[in-house]
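Participant: Here it is, the structure, as structure tokens.
The values are calculated or read from the model by the stated rules, or taken from the named source; none is laboratory data. These numbers were taken from a predicted model, which means no experiment stands behind them. Quick reminder, even Gly has a Cβ in these numbers, built from the backbone with ideal geometry, and neighbours come from all protein chains shown.
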Ligand SMILES: [Zn+2]
């Protein structure tokens with residue numbers, strides 16, 4: 001769906017185990033699942049704890065629109 005070269009591979013995530021905001025890289029992702037809300041990524045935090053994060057086109061489109069379009073009305 002998205003270009004692999006677009007640079008959206010890594011993301012930050014607040015880990016529920018170590019209570020820190022961590023940068024998550026594609027190599028740390030252990031799985032993904034499609035849900036109604038988007039794509040749920042499963043990955044392992046730097047601390048070793050299994051984590052999940054919701055991603056996917058729905059949330060990405062919303063945030064992209066918000067940065068591109070200033071609030072007009
Ligand atoms: Zn952690």
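Participant: So, residue 24, is that one within 11 Å of the ligand (Cβ to nearest atom), surrounded by 11 or more Cβ atoms within 10 Å (Cβ to Cβ) and at pLDDT 90 or above or not?
Facilitator: Working: within 11 Å of the ligand (Cβ to nearest atom): yes; surrounded by 11 or more Cβ atoms within 10 Å (Cβ to Cβ): yes; at pLDDT 90 or above: yes.
Yes; evaluated as a whole, the condition is true for this residue.
Participant: Now a separate question. Just to verify a result, which residue in segment 7-20, among those that are surrounded by fewer than 14 Cβ atoms within 10 Å (Cβ to Cβ) and farther than 14 Å from residue 48 by Cα, is farthest from the ligand (Cβ to nearest atom)?
Facilitator: Initially, segment 7-20 is screened for residues surrounded by fewer than 14 Cβ atoms within 10 Å (Cβ to Cβ), giving 7-10, 12, 14, 16-17, 19-20.
Going one step further and asking which of them are farther than 14 Å from residue 48 by Cα, we end up with 7-10, 12.
On the way: 7: 24, 8: 22, 9: 19, 10: 15, 12: 12 Å.
For segment 7-20, the residue satisfying everything is 7.
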